[in-house]
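Reading through the structure tokens given below for one structure.
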Amino acid sequence: MGAEEVGRLEAVTLAGTGARRLGAREPPPRPRSWGRSGRRRRRRRSRGAAAQGPLLTQAAEDRRRPQACRSAPPTASMIAAQLLAYYFTELKDDQVKKIDKYLYAMRLSDETLLDIMARFKKEMKNGLSRDFNPTATVKMLPTFVRSIPDGSEKGDFIALDLGGSSFRILRVQVNHEQKQTVHMESEVYDTPENIMHGSGSQLFDHVAECLGDFMEKKKIKDKKLPVGFTFSFPCRQSKIDEAILITWTKRFKASGVEGTDVVKLLEKAIKKRGDYDANVVAVVNDTVGTMMTCGYDDQQCEVGLIIGTGTNACYMEELRHIDLVEGDEGRMCVNTEWGAFGDDGALEDIRTEFDREIDRGSLNPGKQLFEKMVSGMYMGELVRLILVKMAKEGLLFEGRITPELLTRGKFNTSDVSAIEKNKEGLHNAREILTRLGVEPSDDDCISVQHVCTIVSFRSANLVAATLGAILNRLRDNKGTPRLRTTVGVDGSLYKTHPQYSRRFHKTLRRLVPDCDVRFLLSESGSGKGAAMVTAVAYRLAEQHRQIEETLAHFSLTKDMLLEVKRRMRAEMELGLGKQTHDKAVVKMLPSFVRSTPDGTEHGDFLALDLGGTNFRVLLVKIRSGKKRTVEMHNKIYAIPTEIMQGTGEELFDHIVSCISDFLDYMGIKGPRMPLGFTFSFPCKQTSLDAGILITWTKGFKATDCVGQDVATLLRDAVKRREVTIKRMF
């Protein structure tokens, strides 16, 4: 067999090995004729045959088969191919072990990931707390998005999507004449580096210029359309159409913007042009846009996730847990800004020397540390730094280091994705490394492939841990043993890396086995989501307008309230006057209560409280002296409708039955106790312990009670029950 043929065989073997799962410990390839039934026999024979290699094992197997089933005698090419395959598998396993050992700190166990989940859950709680939010690294920013699309949205909207080196503008038309449909037109504009690093006015003038160009192309400059603005940077919001930039990320550094409302900056730039008008209705983060985009297709979607140039997540939190926003009812989307997780040192034990070097060379050292460990912006550079160090130590490329390898940005995350492809991964590795001038060997290609695997796998694992904490919180909020939900996902790393999503999903299932998660890919990006937020805001605004219109009849001016006050005073005077009392509407009934407690009260008392469908019996123990205390025990009883609207005798017999049950419940069998009766119906009292019922209210209609002393009715019922109580108050 000539050298040319051997070369061809080696190339075939290299490509075939690259198709196998990276990092797998694979045995030498076996002929297809080997079946499961022969495995045990092969294992017994392997002790003697191992030293002779796979070809002798094949021959021994053939001798045991019937003549008709035996393989044909191996040819020279077959022997060469199998020897090369065996050698290459052993070579690959050896290289993988070396890389595993070298990057041990990047290979995170499930125990470590569960610990990271617990740390992130604590950071989320701090971010939601009014007391701890100022110092929290995970800011948990309220977005004032309170609802996902419900299918009734309609209208014509503009969406702006600013969050990277490209800037997208969309026109989104939503209608539901028969079936709700969304029609979108979009244009992509570049954001040059000098604009990203220039002044804030330059940046927003550029955005306004692009928007003007878009409206000109679509012939809608004469329309004042509502605008939704996806602004993918950490912002503090107090309402849906305001966003104060906290800090720039993703290589943006435009001056004069941090601490300023970006909506006002955009509106100022639009006004300065003067050739069109726009109404910015909502500003949202790209994660919120992703959640809303997917929420349009799946109303179970309550989490938005970005794994791309940067990384972040949002989710629907119970309003009662968000201290920074007033109100307890309903839910609100919270933007976690988890890229800053670890900025306080919470991840220091898992950060490596390569992570620290990435941070030192970034535009924002010490910030967004979690993002620098997992996102696509830094992944390629992280791999390059590892390769440089390994080459310097003579572990790669025979110690060769080229200017290209030493140049920042020469090895991209797209290269990581290409190298990790199933079939052509090792071939791509050879091409990419050759481009860097290092002349890689087969060992080098295998090693670089496995470095890429470890770095991208760590990213998937860390994102799974933080998302797992969010899912656990959603499950706890709902009080359900098993969560079923949908996560809307976007981002170039998740979409284009060939292995990322599979690894990420698998790790998440292990970390949160009690959560069933559907991942919905955002095909339209976060721009459509901004339009949907705007559509939802318009829907809610219309609902609010209708409610306001309905309630307008109940609105009272100051003059009206002053008139009510005057009339009430006149009625009170009539009720207090002896001559006018009978014709007064406001009766001003004397209660014969002449003072408030002065602190000398002491003793044990029973109390009854009747005023609705529930009836309460209480035991009140009052102690005076240096240390005054009031101890209360109570039990609530229902009053059925048939009792409320039956006879007076039935009602008061029921009340006494409840009192008797309460005395048994409390184990009271001793001396009689004084009793006070809260009777929440209009009564005319002749003394402190006598009250004549004037009329029933609140749905009570018991007969033979109006005009009667309710204290006497209660005493009569006690006598019927043969319960003795000393005195009534």
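Of the residues in the stretch 439-455, how many are surrounded by fewer than 22 Cβ atoms within 10 Å (Cβ to Cβ), at negative phi and not in a helix (DSSP H, G or I)? The qualifying residues number 1.
In the stretch 340-361 there is at least one residue that is open to solvent by less than 10 Å² (accessible area, probe 1.4 Å), in contact with a helix residue (DSSP H, G or I) (Cβ under 7 Å, 6 or more places away or on another chain), of a type outside the set (A, V, I, L, M) and under 21 Å from residue 234 (Cα atoms).
Is it the case that residue 458 is closer than 18 Å to residue 376 by Cβ, free of Cβ contacts under 8 Å to residues at least 24 places away in the same chain and part of a helix (DSSP H, G or I)? Against the criterion (closer than 18 Å to residue 376 by Cβ, free of Cβ contacts under 8 Å to residues at least 24 places away in the same chain and part of a helix (DSSP H, G or I)), residue 458 does not qualify.
Selection over the stretch 316-372 of residues that are at negative phi and in contact with a strand residue (DSSP E or B) (Cβ under 7 Å, 6 or more places away or on another chain) gives a count of 16. For the stretch 290-317, the set of residues classified as within 24 Å of residue 226 (Cβ to Cβ) and either free of Cβ contacts under 8 Å to residues at least 60 places away in the same chain or within 13 Å of the chain's Cα centre (by Cα) (or both) consists of 290, 291, 292, 301, 304, 314, 316, listed by residue number. Would you point out the residue of the stretch 390-420, among those that are among the small types (Gly, Ala, Ser) and part of a helix (DSSP H, G or I), that is surrounded by the most Cβ atoms within 10 Å (Cβ to Cβ)? Applying the filter and picking the extreme gives 417. With respect to residue 320, determine if the residue is within 16 Å of the chain's Cα centre (by Cα) and open to solvent by 30 Å² or more (accessible area, probe 1.4 Å). Against the criterion (within 16 Å of the chain's Cα centre (by Cα) and open to solvent by 30 Å² or more (accessible area, probe 1.4 Å)), residue 320 qualifies. With respect to the conditions (1) assigned to a loop (DSSP other than H, G, I, E, B); (2) modelled with pLDDT under 85, residue 280 falls short on a single one, namely (1).
When residue 228 is tested against (1) modelled with pLDDT of 85 or more; (2) touching a Phe, Trp or Tyr at 6+ places or on another chain (Cβ under 9 Å), exactly one condition is not met: (1). When the stretch 245-272 is filtered for residues that are open to solvent by 80 Å² or more (accessible area, probe 1.4 Å) and modelled with pLDDT under 85, only 251 remains.
Examine the stretch 581-593 for a residue that is of a type in the set (S, T, N, Q), open to solvent by 70 Å² or more (accessible area, probe 1.4 Å) and either under 25 Å from residue 685 (Cα atoms) or touching a Phe, Trp or Tyr at 6+ places or on another chain (Cβ under 9 Å) (or both), and state whether such a residue exists. No, because not a single residue in the stretch 581-593 is of a type in the set (S, T, N, Q), open to solvent by 70 Å² or more (accessible area, probe 1.4 Å) and either under 25 Å from residue 685 (Cα atoms) or touching a Phe, Trp or Tyr at 6+ places or on another chain (Cβ under 9 Å) (or both). With respect to residue 326, determine if the residue is of a type outside the set (A, V, I, L, M), more than 18 Å from residue 160 (Cβ to Cβ) and free of Cβ contacts under 8 Å to residues at least 12 places away in the same chain. Yes: the conditions hold for residue 326. Residues of the stretch 392-409 being within 18 Å of residue 431 (Cα to Cα) and either among the small types (Gly, Ala, Ser) or within 35 Å of the chain's Cα centre (by Cα) (or both), which ones? The one that is within 18 Å of residue 431 (Cα to Cα) and either among the small types (Gly, Ala, Ser) or within 35 Å of the chain's Cα centre (by Cα) (or both): 409.
Looking only at the stretch 644-662, residues that are over 17 Å from residue 720 (Cα atoms) and open to solvent by 30 Å² or more (accessible area, probe 1.4 Å) come to 1 in all. Being out of contact with any strand residue (DSSP E or B) (no Cβ under 7 Å at 6 or more places or on another chain) and not hydroxyl-bearing (Ser, Thr, Tyr) is a property that residue 521 lacks. Please verify whether residue 698 is open to solvent by 50 Å² or more (accessible area, probe 1.4 Å) and either touching a strand residue (DSSP E or B) at 6+ places or on another chain (Cβ under 9 Å) or outside any helix (DSSP H, G or I) (or both), treating the condition exactly as stated. When the stated conditions are applied, residue 698 passes them. For the residues 548, 571, the requirement of being in a helix (DSSP H, G or I) and surrounded by fewer than 14 Cβ atoms within 10 Å (Cβ to Cβ) singles out 548. The residue that is nearest to residue 639 (Cα to Cα), counting only those in the stretch 701-723 that are buried (at least 19 other Cβ atoms within 10 Å of the Cβ) and among the small types (Gly, Ala, Ser), is 702.
Restricting the search to strands (runs of 3 or more DSSP E) fully inside the stretch 284-369 and requiring at least 3 residues that are modelled with pLDDT of 95 or more and aromatic (Phe, Trp, Tyr) gives an empty result. Residue count for the stretch 106-129 satisfying the condition of being part of a helix (DSSP H, G or I), more than 14 Å from residue 347 (Cα to Cα) and among the basic types (Lys, Arg): 1. Checking each residue in the stretch 565-616 for being at pLDDT below 90, of a type in the set (Asp, Glu) and farther than 24 Å from residue 678 by Cβ picks out only 582.
Applying a threshold of 9 Å to beta carbon distances and a minimum spacing of six or more residues, or different chains, the list of pairs starting in the stretch 195-213 at a residue that is open to solvent by 50 Å² or more (accessible area, probe 1.4 Å) and ending at one that is part of a strand (DSSP E or B) and among the hydrophobic types (A, V, I, L, M, F, W, C) reads 213/169.
Results for (1) open to solvent by less than 40 Å² (accessible area, probe 1.4 Å); (2) modelled with pLDDT of 90 or more; (3) of a type in the set (Ser, Thr, Tyr), shown as yes or no for each residue.
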| residue | (1), (2), (3) |
| --- | --- |
| 115 | no, yes, no |
| 122 | no, yes, no |
| 146 | no, no, no |
| 150 | no, no, no |
| 158 | yes, no, no |
| 164 | yes, no, no |
| 170 | yes, no, no |
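In the stretch 130-143, the qualifying residues are those that are part of a loop (DSSP other than H, G, I, E, B) and touching a helix residue (DSSP H, G or I) at 6+ places or on another chain (Cβ under 9 Å), and the one that is most open to solvent (accessible area, probe 1.4 Å) is 132. Are any residues in the stretch 421-435 part of a loop (DSSP other than H, G, I, E, B) and crowded, with 23+ Cβ neighbours inside 10 Å, and if so, which ones? Result: no residue meets the conditions. Can you confirm whether the stretch 99-114 contains a residue that is free of Cβ contacts under 8 Å to residues at least 24 places away in the same chain and of a type in the set (Ser, Thr, Tyr)? Checked against the condition, which is being free of Cβ contacts under 8 Å to residues at least 24 places away in the same chain and of a type in the set (Ser, Thr, Tyr), the stretch 99-114 yields at least one hit.
The values are calculated or read from the model by the stated rules, or taken from the named source; none is laboratory data. What you see is a predicted model, and the numbers here were worked out from it, not measured in a lab. Backbone-built Cβ (ideal geometry, glycine too); neighbour counts: all protein chains shown. These accessible areas exclude ligands, DNA and RNA; they are computed on the full protein's heavy atoms, side chains included. Shrake-Rupley method; radii C 1.70, N 1.55, O 1.52, S 1.80 Å.
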